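One structure is given below, encoded as structure tokens.
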Amino acid sequence: MTALFFSAFITLFVVIDPPGCAPIYAGLTKGATSAQRRNMAIRASGIALVILLVFALFGEDLLGALHIELDSFRIAGGLMLFWIAFEMVFEKRTQRREERAEKVAATPEVEDVSVFPMAIPMLAGPGAIAAIMLLMNEAQGLDQTLVVLGALVAVLVITMLALMAAGPIMRLFGDKVEAAITRVLGVLLAALAAQYVIDGLRNSFSI
């Protein structure tokens, strides 16, 4: 159970990427008060949790309704996660997030960033949805399901705390440390994504 928790935790932590979201959030909430930043961080994490829980609990039924086999989803999800890892290593993902944040910041009428772009798509984006569905499909029985869901809650709690402390963290560590952390996490995610693809191919072709 411990190994499953850490595997799920690392996968979700890397995909949701709290160290990468924190500086974006700090930039989006520059004009907000401390209370407003705290409330938006809580709201964004809560909304992301609800979205990911829906896909975690009902994603398999959705795949069944669409007549998609689990191994096909493993392969597709693995490839998607590998692409995210590639972008993390070469800082493409951070660049895209910053561009999205600039567009939101340039729109005066947008004040609350908790729903868009923080909850969707930065926290509960396609990669996170694919990851939680893959992890839930791997879980066997109620105990393992609760372990995976526990890992999801733990990651989003850490993400919420990172968003709350985004300003001080960025002043303390700076952009270079954040970029280094993102690259390391990207390499880990690439390895996890490759394993999903290997498992999917092995089961599909009975290798």
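Just so it is clear, none of the values below were taken in a lab; they were calculated from the coordinates. Please read all numbers here as calculations on a predicted model, not as lab measurements. In this analysis, Cβ positions are derived from the backbone assuming ideal geometry, glycine residues included, and neighbour counts consider all displayed protein chains.
Observations, loosely collected:
- Taking Cα atoms only, the orientation of helix 70-89 departs from the longest principal axis of the chain by about 30 degrees.
- Between H67 and V115, the FRET efficiency estimated from the beta carbon spacing at R0 = 35 angstrom works out to 0.60.
- Protection proxy ranking, highest mean first, for peptides 142-154, 58-70, 10-22: 10-22, 142-154, 58-70, where packing is the per-residue count of other beta-carbon atoms within 10 Å, averaged.
- GNM result for the chain, Cα springs below 10 Å: residue of A191, A166, A26 fluctuating most strongly: A191
- Helix 18-28 axis, angle to the chain major axis (alpha carbon atoms, nearest 10°): 30 degrees
- Helix axis angle, 92-105 relative to the chain longest principal axis, alpha carbon, degrees: 50 degrees
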